[in-house]
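Here is the structure we will look at, set down as structure tokens.
The values are calculated or read from the model by the stated rules, or taken from the named source; none is laboratory data. The shown structure was predicted, so the numbers you read here are calculated from the model rather than taken from an experiment. Note that each Cβ is placed from the backbone with ideal geometry, even for glycine, and that neighbours are counted across all protein chains shown.
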Amino acid sequence: MENSKEIAAYILCGGKSVRMQTEKGLVLYKGKPFIRWIIEAIMPVTSTIILVTSNGDYSLVGLPMIEDIYADKGPVGGIYTALSHSTSERNLILSCDVPKITADLLLSLTEESEKKKASVTFLSDGKNDYPLIGVYKKETLEILADAISADKLKLCPLVNLMSHHKLIINSHQKSLVQNVNSKAELLSLNKLDS
């Protein structure tokens, strides 16, 4: 396992949660908030875990919190904030709505990112990309800053402009990366697991 100083993890908790109608990271899944499942999956990877949020309710997990440098800039703004704050060259970036993510998958991702020269290494199922489960190097900061100033805030096209590597997941792992954005998706997730 790599030295925890080599990589920092940032969980983006700044979304508007319009479809969920409540703070996504604090929604309960199997009796625990999404954010706790994600933190537990990150812990074998690194002990440096920071939340990007302005919502004080996340203080319940007892981790450092930082606010977005630029408000309302979506995931691009969140990643920019994380990388601006970080002292690590490589940074694991996760959204707060992937409660089924596992330590094994995150370890594979971070190990892959260490081997590759790419600026960004993220998960893909070959059809859909998951750039909000990725490792971003500090060198991407300038591209993110330019995107924010040009108001080009769609993350997938942006990461495709960067030097990137996709770690392809198999069909069994696809459920692990499913982001849960609505009450209907949460309901179906709970049904699948019951």
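Among the residues of the stretch 178-186, is any touching a residue at least 12 places away in the same chain (Cβ under 8 Å), over 24 Å from GLY25 (Cα atoms) and in a loop (DSSP other than H, G, I, E, B)?
No, because not a single residue in the stretch 178-186 is touching a residue at least 12 places away in the same chain (Cβ under 8 Å), over 24 Å from GLY25 (Cα atoms) and in a loop (DSSP other than H, G, I, E, B).
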query: Does LYS115 fit the bill of being basic (Lys, Arg) and without any contact (Cβ under 8 Å) to a residue 24 or more places away in the chain?
result: yes
field: Meets criteria (of a type in the set (Lys, Arg) and within 18 Å of ILE7 (Cβ to Cβ)) for LYS174
entry: no
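Determine whether TYR70 is crowded, with 18+ Cβ neighbours inside 10 Å and aromatic (Phe, Trp, Tyr).
Criteria not met by TYR70.
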field: Any pair with Cβ under 9 angstrom, 6 or more apart, that starts in the stretch 140-166 at a residue that is farther than 22 Å from HIS85 by Cα and basic (Lys, Arg) and ends at one that is modelled with pLDDT under 95 and not in a helix (DSSP H, G or I)
entry: LYS166/GLY126
task: Check the stretch 93-116 and report whether any residue there is buried (at least 18 other Cβ atoms within 10 Å of the Cβ), over 24 Å from LEU51 (Cβ atoms) and touching a Ser or Thr at 6+ places or on another chain (Cβ under 8 Å).
output: no
field: Some residue of the stretch 161-179 being within 15 Å of ILE79 (Cβ to Cβ) and either at pLDDT below 95 or more than 17 Å from the chain's Cα centre (by Cα) (or both)
entry: yes
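Let's see how each residue does on (1) surrounded by fewer than 19 Cβ atoms within 10 Å (Cβ to Cβ); (2) at pLDDT 95 or above:
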{"residue": "LEU28", "(1), (2)": "yes, no"}
{"residue": "LYS32", "(1), (2)": "yes, no"}
{"residue": "ARG36", "(1), (2)": "yes, yes"}
{"residue": "GLU40", "(1), (2)": "yes, yes"}
{"residue": "PRO44", "(1), (2)": "yes, yes"}
{"residue": "THR48", "(1), (2)": "no, yes"}
{"residue": "SER54", "(1), (2)": "yes, no"}
{"residue": "ASP57", "(1), (2)": "yes, no"}
{"residue": "LEU63", "(1), (2)": "yes, yes"}
Complete set of residues in the stretch 135-157 that are within 27 Å of ILE35 (Cβ to Cβ), of a type outside the set (Val, Ile, Thr) and either surrounded by fewer than 15 Cβ atoms within 10 Å (Cβ to Cβ) or out of contact with any Lys or Arg (no Cβ under 7 Å at 6 or more places or on another chain) (or both): TYR136, LYS138, LEU141, LEU144, ALA147, LYS154, LEU155, CYS156
message: Just to be sure I understand, how many residues within the stretch 167-177 are without any contact (Cβ under 8 Å) to a residue 60 or more places away in the chain and surrounded by 13 or more Cβ atoms within 10 Å (Cβ to Cβ)?
response: 2
